[in-house]
Every structure is written in C-alpha cells, then in structure tokens.
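**Student:** Take this structure first; my questions come after.
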Amino acid sequence: MANRRELKRNINGLLGDVIEECYNALLDNDGMNEEQVEALVDECVDLADELIAKANSAKKLKSRAEVKKLFAEVKEKLGDNVIAYIEKLNAL
C-alpha cells in the first residue's frame, strides 16, 4: 500500500506534467486557443486540490482496508482524468 505522501507526490507529478504539456503546446502552436488551454489548466489544478484533500481524509478512516479502497479510488480517478486531459489537449 502506498502511503499518503507518495500518493500526493504522484498527484502533483502527473497533473504537473499535464499542465507543463499545456503550456508547451501553447508556446509551440500559435493557432491554439489560449482561453481553452487555461481552462484545462484550471481543471487540472482543481482536480489536484480535490484529490489531495481526499487523500488527506484517509487520516479519519479506521481500517487499513478502507484506506486502501480510498487510495485505489484516488488513483483510478487520477489516471482516468490525466488521460482525458491529454486527449482534450490534443483535440485543441
């Protein structure tokens, strides 16, 4: 089982990579809509805040099984959203 610190590092790392790709795409492509890219970056930041808050709520859980379930949910949501954000960026 991953600990909370590692999970939060993964959240920040993956979403940070997506944000970096957004700004790189914006710099490389002059025809890209800046407002749409900024909206995507805002979504990434909001998701990071939400997932970190959810990971921090593991302190309140009593059993190890509940913590594992919560971390699995966070990881699944993170993976699904990272893929969706990259696809959305490629579509812009």
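FYI, it's all coordinate maths here, none of it is from the lab. If you're wondering where the values come from, they're calculated on a predicted model, not measured in any experiment. No Cβ is skipped: glycine too gets one built from the backbone with ideal geometry, and neighbour counts run over all protein chains shown.
**Student:** In the chain, what GluC sites (Glu not before Pro) fall in a loop by DSSP, with at most 14 other Cβ atoms inside 10 Å?
**Tutor:** Numbers: sites: Glu6, Glu20, Glu21, Glu34, Glu35, Glu38, Glu43, Glu50, Glu66, Glu73, Glu76, Glu87; in loops: none.
Of the GluC sites (Glu not before Pro), not one in the loops of the chain has a Cβ with at most 14 other Cβ atoms within 10 Å.
**Student:** Averaging sequence separations of C-alpha pairs under 8 Å and six or more residues apart, then dividing by the length of the chain, give the relative contact order as a whole percent.
**Tutor:** Numbers: 50 pairs, mean separation 37.0, N = 92.
Contact order relative to length: 40 percent.
**Student:** Follow-up. Which ordering of Leu7, Leu47 is given by a fewest-first count of other beta-carbon atoms within 10 Å? Walk me through the numbers before you get to the answer.
**Tutor:** Working: Leu7 22, Leu47 18.
So the ranking, lowest neighbour count to highest, is Leu47, Leu7.
**Student:** Sticking with this one: Hull surface divided by four, with the convex hull built on the Cα atoms of the chain: how many nm²? Could the numbers behind the result be given before it?
**Tutor:** Values: hull surface 22.2 nm².
Computed as one quarter of the Cα hull surface, the answer is 5.5 nm².
**Student:** PRE reach from Asp80 (point 7 Å along Cα→Cβ): which of segment 36-62 fall under 15 Å by backbone N?
**Tutor:** The answer is 47, 51, whose backbone nitrogens lie closer than 15 Å to the label point.
**Student:** Further question: Report the paramagnetic label zone for Ser63: residues of segment 1-42 whose backbone N is under 15 Å from a point 7 Å from Cα along the Cα-to-Cβ axis.
**Tutor:** Zone members listed by number: none at all.
**Student:** Please give the helix 64-91 orientation as an angle from the longest Cα principal axis of the chain, in degrees from 0 to 90, rounded to the nearest 10.
**Tutor:** 10 degrees
**Student:** Roughly how tilted is helix 34-56, in degrees to the nearest 10 and between 0 and 90, from the longest Cα axis of the chain?
**Tutor:** Around 10 degrees separate the two axes.
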